[in-house]
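Reading through the structure tokens given below for one structure.
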Amino acid sequence: MKKLYFLCTGNSCRSQIAEGFGKKYLGSEWEIRSGGIEAHGLNPKAVKVMEEVGVDISNQQSEMIDLEYLNQADLVVTLCGDAENRCPLTPAQVKREHWGFNDPARATGSDDEVWQVFQIVRDAIGQSIREFAQTNA
């Protein structure tokens, strides 16, 4: 089974959403995990926004990057510029890609406006993973 590792700064929103979609769309071919430069805890709004599309991420854990898994991954995908810049070096055989998305946890405005940002980011991540699944599953 191939290994896919989604990385972000705090492993609280974007990488958690990506892990959930990855398990949904790639789970039979790929082992999917996520990690962060830091562990900020699973964002409750990320859980709720994924519930809207029928993906349960409530049991996922916010974890720091596992260097052993990182070095054994087939593909490492960074989801924010900070993780792209600060991610530890990987061996040459580990393919790395960057799929940048805005951080919904930093959204400002009314509750509805913040929620809309979570939905937009979720949908963009989901679309990227569906497209990846079509060519890599």
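Of everything in region 43-84 that is among the acidic types (Asp, Glu) and within 13 Å of the chain's Cα centre (by Cα), the residue that is nearest to Ser128 (Cα to Cα) is Glu84.
Within this structure, Ile32 fails the test of being crowded, with 16+ Cβ neighbours inside 10 Å, of a type outside the set (Gly, Ala, Ser) and farther than 17 Å from Ala133 by Cβ. Does Arg96 qualify as being over 13 Å from Arg14 (Cα atoms) and either modelled with pLDDT under 95 or in a loop (DSSP other than H, G, I, E, B) (or both)? So Arg96 fits the description; yes. Within region 99-137, if we keep just the residues that are touching a Cys at 6+ places or on another chain (Cβ under 9 Å) and surrounded by fewer than 16 Cβ atoms within 10 Å (Cβ to Cβ), the residue that is nearest to Lys45 (Cα to Cα) turns out to be Asn102. Quick one: in region 115-135, of everything that is more than 17 Å from the chain's Cα centre (by Cα) and free of Cβ contacts under 8 Å to residues at least 24 places away in the same chain, which residue is nearest to Lys23 (Cα to Cα)? Selected residue: Gln134. Within region 24-45, how many residues are closer than 17 Å to Val77 by Cβ and either in contact (Cβ under 8 Å) with a residue 24 or more places away in the chain or among the aromatic types (Phe, Trp, Tyr) (or both)? Number of matching residues: 12.
The values are calculated or read from the model by the stated rules, or taken from the named source; none is laboratory data. In this text the structure is predicted, and so the values were computed from the model without any measurement. In this analysis, Cβ positions are derived from the backbone assuming ideal geometry, glycine residues included, and neighbour counts consider all displayed protein chains.
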